[in-house]
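See structure below.
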Amino acid sequence: MCCGRLKKAKRVAVRALFLLIALLVPLTVPAQSNETAAAAKMAEAKERLKEIEALRAKEEAAREKEAKVARIETALKQIDRQLNDESVWQKIYANHLSYLQIAEQMRQIDRKIRRYKRLGARKYRSKIETLQAKKMQLEERLTLLKDYAQNPFKTLIKPKEIEKVPSVTNPVAVIGAFSYIKQLGEQLSRFEHEITNLENFIGMLESKLSLLRELKQIDPKAKEVDRQIARTLRELEEAEEGLSLHKTALVVYKKRVDEIKLRLSGEIKEQMKKAGTIGISILVLLLVVLLVKWLVKRTVTDNERFYMANKIINFTFILIVTMILLFAYIENVTYLVTVLGFASAGIAIAMKDWFMSMMGWFVIMMGGSIHVGDRIRVDKDGKLYVGDVLDISLLRITILEDITLTTYKHNRRAGRIIFIPNNYIFTDMIANYTHATLKTVWDGIDFTITFDSNHKKASHIAKETAKKYAKGYTDITRKQLNKLRARYSLKNTNVEPRVFSFIEDNGIRISVWYLTNAYATLTLRSTISTEILDLIKEEEDIRIAYPSQHIYLDRAKYKPSLPNEPEEGPIHL
């Protein structure tokens, strides 16, 4: 800025000096000089003034040219910085130029090697080896840049290939279809964004080319500017060629994407409509099932029958829904049946227990050997479980363990929920205490009396006591057995209490048997046991035998006499 002011001041001073000279020249001319000489001097001064004005104009033009060149160079530097820093295309194209340059160098080396071989391979052996080593280095660099051999503006922008378009054949596939449509939209947006970046790059190249041409007009002899113009023009032509190709590809790709979106949208609408129809059908079927259950609950009073009816209704509902879904969404049911037929052998081996449990469930349901509410006993590996059936599912029987004689003698635990696989009916022992109409079972009480006790009286007491407390269950069992004669061949239908006497090592065993409620055996057992014990205590000729020891101080002792037998003499040991 200061230099500009000094130059301006200098120009003003020079101009003032020339004007002063022009004014003083006439004064120095002698008065005698003629007017012609004065006019000549004035003309000379004017010529000099014109020369000064021309020189000043030339200097102004030079300064304007320098300023314009500086402005253009600044703009070019800014564009080059944007191309190098913000646009990846410049770097890619630089790699392409490097590839072409290396390839040209290799061709020149090949020509030199051929020329040296013609002149004499032995004579120029060292030069040939040097050129071959340099060629190997260039080949390594060329291998790294092989992706940039072709025009990068044509090869580096590629839309992602459209994979196999999914078919929407069920509601689950709708989610995949929406995901696929979103993926196509993202791919299209990415392709458009890459084309936009290329357009911006071409715009910067055009701006650069325009500035270079302005610079060429200012300095037509600048050869470096000519080289830059040629390089930029070549790069611009290749970029525009690639852009034209990609715009055509974009139109085709967009049409393909729109076509796929339209087809998938139609399939989605069709599946949603189909799913809505099936949903409404299942809802109506569910309402019918609920109505049937309500009617069954109102009309069926027996809990067991209500449970079985409820199970049948649920199974039928699930079966119908499954068939609706299968026929609605499986295009070739015959193909499915064929595949399942081939796979059934392997599935049967791999899932043997499951299939056996399903078969067991079928046998239980069709055979009627076990029902919900029955009291059963399961023997498995020496362990006994007695409980009431809570549920019979497709794979297992669920029972609630109750306090029973088995609990008292073996398990010492009760109240557990026990799950029994249905296939146990084929391999293990399952006893039903309440099969069909029978709700009673035989139970027995054993006690031992001494050999000298009145065993007949003891048997009578036990039998009468059992009759007294088991009479109601005896009558019920008699009626139930009469109903079972139509289904089973019954030989012995005696339901009266029975008493048996057995000689044991430590006395006479009295065993009394009676019918009792299958769900409350311990209650009646306890009542009859205490009653028999109280009655025996009242009798003097009946004594309960229990493990004991007798110590004899004499070696001789009379043998204990039995009732109604004469005593014998002493026995000497």
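The values are calculated or read from the model by the stated rules, or taken from the named source; none is laboratory data. It should be emphasised that the depicted structure is a prediction, and the values quoted were computed from it without experimental measurement. Here the Cβ is made from the backbone with ideal geometry for all residues, glycine too, and neighbour counts use every protein chain on show. Quick note on the areas: whole protein, heavy atoms, side chains included, nothing else; ligands and nucleic acids left out. Shrake-Rupley method; radii C 1.70, N 1.55, O 1.52, S 1.80 Å.
Computed quantities for the displayed model
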item	result
Extreme residue, nearest to GLN228 (Cα to Cα), among residues of the stretch 71-85 that are over 54 Å from the mean Cα position of the chain (by Cα) and of a type outside the set (Lys, Arg)	LEU76
Residue check for ILE445: modelled with pLDDT of 90 or more, out of contact with any helix residue (DSSP H, G or I) (no Cβ under 9 Å at 6 or more places or on another chain), buried (at least 18 other Cβ atoms within 10 Å of the Cβ) and of a type in the set (A, V, I, L, M)	no
Residue under evaluation PRO220, criteria (1) free of Cβ contacts under 8 Å to residues at least 24 places away in the same chain; (2) in a helix (DSSP H, G or I), criterion not met	(2)
Whichever residue in the stretch 283-316 is free of Cβ contacts under 8 Å to residues at least 12 places away in the same chain and closer than 20 Å to HIS435 by Cα and, among such residues, is surrounded by the most Cβ atoms within 10 Å (Cβ to Cβ)	PHE306
The listed residue being part of a helix (DSSP H, G or I) and in contact with a Gly (Cβ under 9 Å, 6 or more places away or on another chain), out of LEU215, LEU198, LEU243, LEU236	LEU198
The listed residue being under 28 Å from PHE306 (Cβ atoms), under 43 Å from the mean Cα position of the chain (by Cα), open to solvent by 30 Å² or more (accessible area, probe 1.4 Å) and basic (Lys, Arg), out of ARG416, ARG487, ARG377	ARG416
Failed item in (1) open to solvent by less than 100 Å² (accessible area, probe 1.4 Å); (2) in contact (Cβ under 8 Å) with a residue 40 or more places away in the chain, with GLU270 passing the rest	(1)
Criterion (at pLDDT 80 or above, surrounded by 12 or more Cβ atoms within 10 Å (Cβ to Cβ) and at negative phi) met by exactly one of ALA94, ALA75	ALA75
The stretch 490-520, subset under 14 Å from TYR469 (Cβ atoms) and among the polar types (S, T, N, Q), residue most open to solvent (accessible area, probe 1.4 Å)	ASN517
Filter result for GLU238 (open to solvent by 80 Å² or more (accessible area, probe 1.4 Å) and under 30 Å from PHE191 (Cβ atoms))	no
So THR196, is it open to solvent by 40 Å² or more (accessible area, probe 1.4 Å) and farther than 25 Å from ALA75 by Cα	no
Those residues of the stretch 114-145 which are closer than 16 Å to ILE92 by Cα and surrounded by 10 or more Cβ atoms within 10 Å (Cβ to Cβ), in sequence order	ARG141, LEU142, LEU144, LEU145
